[in-house]
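The values are calculated or read from the model by the stated rules, or taken from the named source; none is laboratory data. Bear in mind the structure is a predicted one, so any value in this text is a computation, not a measurement. Virtual Cβ from ideal backbone geometry, glycine too; neighbours counted across all protein chains shown. Each accessible area value is taken on the protein alone, full model and side chains, heavy atoms only, with ligands, DNA and RNA left out. Shrake-Rupley method; radii C 1.70, N 1.55, O 1.52, S 1.80 Å.
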Amino acid sequence: MSMSGRDEERCEQELGQLLDRSRLPQHVAIIMDGNGRWAQQRGLPRVEGHRQGAESLRTMVKACVEYGVPYLTAYAFSTENWKRPPDEVNKLMQLLVEYLYNELDELHANGVRLRGIGDIKGLPEQAQKALTEAERKTARNKRLCLNLALNYGGRSELVQAVRRLADDAVKGKINPDDIDESIVSSYLYTSGMPDPDLLIRPAGEFRVSNFLLWQIAYAEFWITPVLWPDFGRKEFLEALVEYQRRERRFGGLNVCSG
Ligand code: IPE
Ligand code: IPE
Ligand code: MG
């Protein structure tokens, strides 16, 4: 089912009117999945799906800046994605470097602060270099914090946090009795950031694939069959409007008026 450009625009406008800009999620997390299937459906090599996926990320970043969503975390490469054929892994790393160099000026001009989250030291040198440069250049930007999850795994993140916590305890910097949820959070890559309010998963899988395991404790999930390369402003608006219809109870009771 495809929509003409004009229908799509009208749909976006209608959704835009439904959106309450005072109740936006403070942090949106996205599992950018379905690139391979998108390419396969078109008889293209998988890398073309990844290339188009980078365009979707570009659209999302712009939309977050425009609507005023302050944190966006995008899952780009998991600790399990190394299991893929070396050729695909290499192309993904090349694309990452291209993305970082091509987008840097625009990200910076739009007030975006870019950060890599994950086991960054495990990435190829070139990717680390591009990332460090992008992080340094955008470090003082405040409009949107864009976390790119690279060589990221929720379990691996917890392991590194536990190691550092244990090390600080051994050194006497922290008393084990003082360890609480906020201290654990502060040892994660997302230290100082709000937890995601909304988790978006394109391409229709009903799983979290080792993404932000601690942080999504009370995130609202929105899953769509739309593949990531086809994911645009319309889909994002749909997710935001649906998010605003959800009743978030955080384990409490719903608050009824009257
Ligand atoms: C997501 O798309 C990108 C990465 C995991 C790097 P996939 O490559 O997983 O696409 P599908 O799931 O095979 O369609
Ligand atoms: C999740 O997608 C990881 C990223 C999008 C980077 P995968 O395609 O790797 O996840 P599974 O294998 O379907 O769970
Ligand atoms: Mg996938």
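Things worth noting here:
- Residues of segment 85-139 satisfying the condition of being among the basic types (Lys, Arg), touching a helix residue (DSSP H, G or I) at 6+ places or on another chain (Cβ under 8 Å) and open to solvent by 80 Å² or more (accessible area, probe 1.4 Å): LYS121, LYS137
- Out of GLN13, GLN17, GLN52, one residue alone is among the polar types (S, T, N, Q), within 15 Å of ligand 1 (Cβ to nearest atom) and in a helix (DSSP H, G or I). It is GLN52.
- Matching residues in segment 192-206 - criterion: being open to solvent by 40 Å² or more (accessible area, probe 1.4 Å) and over 15 Å from the mean Cα position of the chain (by Cα): GLY192, GLU205, PHE206
- Of all residue pairs spaced 6 or more apart or on separate chains, those with beta-carbon atoms under 6 Å, a first member in segment 232-255 that is at pLDDT below 95 and a second member that is charged (D, E, K, R) and open to solvent by 80 Å² or more (accessible area, probe 1.4 Å) are ASN254/GLU247.
- Long-range neighbours under 6 Å by Cβ, at least six apart or interchain, first residue of a type in the set (Val, Ile, Thr) within segment 39-61, second open to solvent by 70 Å² or more (accessible area, probe 1.4 Å): VAL47/LYS91
- Subset of segment 59-80 [within 16 Å of ligand 3 (Cβ to nearest atom) and within 16 Å of the chain's Cα centre (by Cα)]: ALA74, TYR75, ALA76, PHE77, SER78, THR79
- Any chance TYR189 is open to solvent by 30 Å² or more (accessible area, probe 1.4 Å), in contact (Cβ under 8 Å) with a residue 40 or more places away in the chain and either closer than 14 Å to ALA74 by Cβ or more than 16 Å from ligand 3 (Cβ to nearest atom) (or both): yes
- Across segment 172-185, the qualifying residues are those that are acidic (Asp, Glu) and assigned to a helix (DSSP H, G or I), and the one among them that is least open to solvent (accessible area, probe 1.4 Å) is ASP178.
- Flag: SER209 matches the condition of being surrounded by fewer than 18 Cβ atoms within 10 Å (Cβ to Cβ) and either within 21 Å of GLY36 (Cα to Cα) or within 15 Å of the chain's Cα centre (by Cα) (or both).
- Residue match in segment 168-181 (condition: in contact (Cβ under 8 Å) with a residue 40 or more places away in the chain and either closer than 25 Å to HIS27 by Cβ or aromatic (Phe, Trp, Tyr) (or both)): no
- Selection from segment 34-47 of residues that are within 11 Å of ligand 1 (Cβ to nearest atom) and either crowded, with 18+ Cβ neighbours inside 10 Å or part of a loop (DSSP other than H, G, I, E, B) (or both): GLY34, ASN35, GLY36, TRP38, ALA39, ARG46, VAL47
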